[in-house]
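This report refers to the structure that appears directly beneath it.
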Amino acid sequence: MMLQEVRVAARSPSTFRPYANPGLLRRLEAVASRLQGARVLHINSARSGGGVAELLRGHVALLRGLGIDAHWQVLRADGAFFDATKRIHNALQGARVEPTVGQWAAFDQVNRRVARAMDARRWDFVVVHDPQPGAVLLQGARRGRAKWVWRCHIDSERPHRPVLRRIQPALRLFDGCVFSRRAYAFSLPEPKRAIMAPAIDPTAPKNMPMGLAEARRTVARFDVDPDRPLLLQVSRFDPWKDQAGTVQAWRAARRRVPGLQLALVGCSADDDPEAASVVAQVERQVRGLAGAFVLQDCVDDRALKAFLDCASVVMQKSIREGFGLTVAEALWAGRPVVGGRVGGIPLQVRDGREGFLVKDPAEAASRVVRLLRDPALAARLGRAGRAHVKRRFLLPRLVLDELRFLAALGDAPAARRATRVARRPRRRSRSQDHPTVVSLP
Ligand code: UDP
């Protein structure tokens with residue numbers, strides 16, 4: 001079986017009432033009412049680990065709660081395919097690498113199989129996430145009546161051109177493309193592309209409140225001392241996430257703040273073959289140093305929340321970062337973030353307002369020390385961060401953006417059919433109701 005369904009229970013929009021702006025929820029329900037019963041398929045390549053899987057879980061649940069017949073399917077493939085797609089991913093993020101001839105063949109072959117496994121007649125919209133299933137149309141998937149969208153989560157500001165040229169013909173077959181920032185947008189021209197920043201689900205276990213006593217007990221189970229300051233990074237173990245740079249920053253900061261602990265919490269994604277070497281590297285870096293914890297695949301979502309609540313500062317000093325849900329999660333937990341000045345991080349952390357933006361480990365260390373020495377500053381930035389996320393990076397806003405875009409793609413057949421079935425009169429012109437470029441700069 002090339003495609004596997006991930007079952008997701010519907011989540012009512014009212015669940016989000018305590019968090020989202022009421023006007024936004026009303027607009028969301030209004031757009032969704034025009035797409036009642038529309039059959040929407042999201043396809044990606046990992047059911048867990050990493051931002052896309054995280055995003056889809058809440059996203060598909062809310063779509064279903066809004067009366068949309070949304071489904072999530074994950075492609076299944078072997079190591080050669082994921083070696084190829086990691087290279088494509090890395091190349092789109094600017095690394096000068098290319099899949100080998102054999103790896104391109106594995107990429108094409110898996111996409112061909114996925115194309116054959118898809119029943120295009122079932123869907124009104126198909127949203128394909130990232131490059132892994134990005135060649136399904138080129139490899140023969142029947143379009144059916146569906147509108148096809150390619151959703152890119154990658155920091156593709158400076159892609160490696162040879163790889164981009166190789167995948168562009170596949171991506172141009174889509175009816176629409178979505179990027180997280182305007183600077184990433186290649187492929188289709190406007191009005192067929194939209195810009196939407198990702199978002200976090202405030203009702204997910206990792207984002208729901210936890211009492212401080214429970215948080216402290218939880219981190220203590222991992223031998224972390226809740227009475228001593230803690231620098232935290234939560235990321236897949238991946239060279240772009242620069243855990244190595246975080247270790248350097250921590251080593252410099254602990255010279256000035258004795259007792260400062262470091263926790264690197266990470267998981268391996270199903271579609272990511274690089275984790276093992278990164279873990280080995282950071283373990284070498286911290287060997288023999290007290291107060292450093294490298295925690296791979298052992299921190300569940302509630303324990304992650306405990307780490308976020310007990311952290312003094314959260315670090316996300318990535319070298320490239322499509323968006324960085326981990327930054328939004330940390331800000332939502334009220335933590336100040338020290339982040340790299342790259343990709344989606346500056347959307348979330350404005351220097352000096354929700355945290356600090358830094359260029360290297362030395363600067364990161366000095367910002368961490370400043371925050372540790374000035375708890376009032378840390379608390380102020382943390383509060384500002386939570387408010388910023390509440391305004392711009394919560395799930396209902398993202399789902400609203402997506403539904404507007406889907407409805408605007410052509411004269412969406414599902415919108416037409418669904419409106420007929422629901423006997424709702426058409427309202428307002430599409431140009432007013434459905435901007436094709438939505439949300440953030
Ligand atoms: N994550 C997790 N456990 C870990 C490491 C990461 O649950 O040990 C989650 C993290 O909370 C976030 C997602 O994985 O929701 C990572 O998303 P992000 O956009 O930051 O990065 P990506 O992995 O997509 O590059």
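The values are calculated or read from the model by the stated rules, or taken from the named source; none is laboratory data. From a predicted model like this one, the values you see are computed outputs, not experimental measurements. No Cβ is skipped: glycine too gets one built from the backbone with ideal geometry, and neighbour counts run over all protein chains shown. The protein model used for the area step is the full one, side chains on, heavy atoms only, and it has no ligands, DNA or RNA in it. Shrake-Rupley method; radii C 1.70, N 1.55, O 1.52, S 1.80 Å.
Rounded to a whole number, what % of the accessible area of the chain do carbon and sulfur atoms account for, probe 1.4 Å?
Carbon-and-sulfur percentage of accessible area, whole number: 48.
What Rg and what Dmax come out for region 138-215 when only alpha-carbon atoms are used, in angstroms?
Calculated on Cα positions, Rg and Dmax stand at 17.8, 56 Å.
Can you give me the Cα centroid spacing of region 144-172 and region 7-37 in angstrom?
29 Å
Sort all Cα-Cα distances of the chain into consecutive 10 angstrom bins from zero, then give the percent of pairs in each bin up to the one containing the longest distance.
4, 22, 31, 25, 13, 4, 0
Just the accessible area per residue of region 140-281, please: how many Å² with a 1.4 Å probe?
Here the per-residue accessible area is 40 Å².
Using only the Cα atoms of region 178-219, what do you get for the radius of gyration and for Dmax, in Å?
18.4, 52
Could you work out how far the C-alpha centroid of region 60-86 sits from that of region 308-358, in angstrom?
A separation of 27 Å, based on Cα centres.
If you project the alpha carbons of region 1-95 onto the principal axes, what extent comes out on each, in Å, largest first?
46, 32, 21
Residue by residue through region 117-124, what is 3J(HN,Hα) from phi via Karplus (6.51 cos²θ - 1.76 cosθ + 1.60, θ = phi - 60°)? Round to whole Hz and write x for glycine and proline.
Taking θ as phi minus 60°, the curve returns 6, 7, 9, 4, 5, 6, 10, 9 Hz for region 117-124.
Could you give me the ³J(HN,Hα) list for region 159-170, computed from phi with Karplus coefficients 6.51, -1.76, 1.60 and θ = phi - 60°, whole Hz, x at Gly and Pro?
Per residue, the Karplus-derived 3J(HN,Hα) values read x, 6, 4, x, 6, 4, 4, 5, 9, 3, x, 5 Hz.
Relative to 2.2 N^0.38 Å, what does the C-alpha radius of gyration of region 19-172 come to as a ratio? Two decimals please.
Relative to the rule-of-thumb radius for its length, region 19-172 sits at 1.12.
Using only the alpha-carbon atoms of region 232-293, report the extent along each of the three principal axes, biggest first, to the nearest angstrom.
That works out to 39, 19, 15 Å along the principal axes.
In degrees from 0 to 90, rounded to the nearest 10, what is the angle of the helix 79-92 Cα long axis to the longest principal axis of the chain?
80 degrees
If I model a spin label at Arg228 and Glu283 as a point 7 Å from the Cα along the Cα→Cβ vector, what separation in nanometres do I get?
Roughly 2.2 nm, to one decimal.
Using the C-alpha atoms of region 175-296, what convex hull volume per residue, in cubic angstrom, is computed?
Normalising the Cα hull of region 175-296 by residue number yields 162 Å³.
For the cross-link pairs Lys86/Lys359; Lys86/Lys317; Lys192/Lys305; Lys192/Lys390, which exceed 31 Å when the distance is taken from alpha carbon to alpha carbon?
Lys192/Lys305
Just to confirm a number: summing +1 for Lys and Arg and -1 for Asp and Glu over residues other than Leu188 whose beta-carbon lies under 10 angstrom from that of Leu188, what do you get?
Around Leu188, the surrounding residues sum to +1.
When the expected Rg is taken as 2.2 N^0.38 Å, what fraction or multiple of it is the alpha-carbon Rg of region 94-251?
1.38
Which trypsin sites (Lys or Arg not before Pro) in region 74-138 sit in a loop by DSSP (not H, G, I, E or B) and have at most 12 other Cβ atoms within 10 Å of their own Cβ?
Here the trypsin sites (Lys or Arg not before Pro) that fit, given the DSSP loop and packing criteria, are Arg96.
Angle check, please: helix 51-65 long axis (alpha carbons) against the longest principal axis of the chain (alpha carbons), in degrees 0 to 90, nearest 10.
Helix 51-65 sits roughly 50 degrees off the main axis of the chain.
Given q = 0.24, 0.26 Å⁻¹, what are the Debye log10 I(q)/I(0) values for region 357-397, with equal point scatterers placed on the Cα positions and solvent ignored?
The calculated log intensity ratios at q = 0.24, 0.26 Å⁻¹ are -0.81, -0.85.
Divide the volume of the convex hull of the Cα atoms of region 223-263 by its number of residues and quote the answer in cubic angstrom per residue.
Enclosed volume per residue, from the Cα hull, is 63 Å³.
May I ask for the Rg/Rh ratio of region 226-337, computed from Cα atoms with Rh as the Kirkwood radius, given to two decimals?
Using Cα coordinates only, the ratio equals 0.93.
Spelling out what I want: for every residue of region 136-142, take phi, set θ = phi - 60°, compute 6.51 cos²θ - 1.76 cosθ + 1.60 (Karplus), and round to whole Hz; glycine and proline get x.
Residue by residue, region 136-142 yields 5, 5, 4, 8, x, 4, 5 Hz.
By per-residue mean of other Cβ atoms within 10 Å, what is the highest-first order of 233-241, 198-206, 336-344?
Highest to lowest by the protection proxy: 336-344, 233-241, 198-206.
In degrees, nearest 10, range 0 to 90: what is the angle between the Cα axis of helix 243-256 and the longest Cα principal axis of the chain?
With rounding to tens, the tilt is 30 degrees.
Which is farthest toward the positive dipole end of the chain among Val282, Gln261, Leu75, measuring Cα position about the Cα centre, with Cβ charges +1 (Lys, Arg) and -1 (Asp, Glu)?
Positive-end residue among those listed: Leu75.
Once you charge only the Cβ atoms, +1 for Lys and Arg and -1 for Asp and Glu, what is the size of the charge dipole of region 129-220 about its Cα centre, to the nearest 20 debye?
The dipole magnitude comes to about 360 debye.
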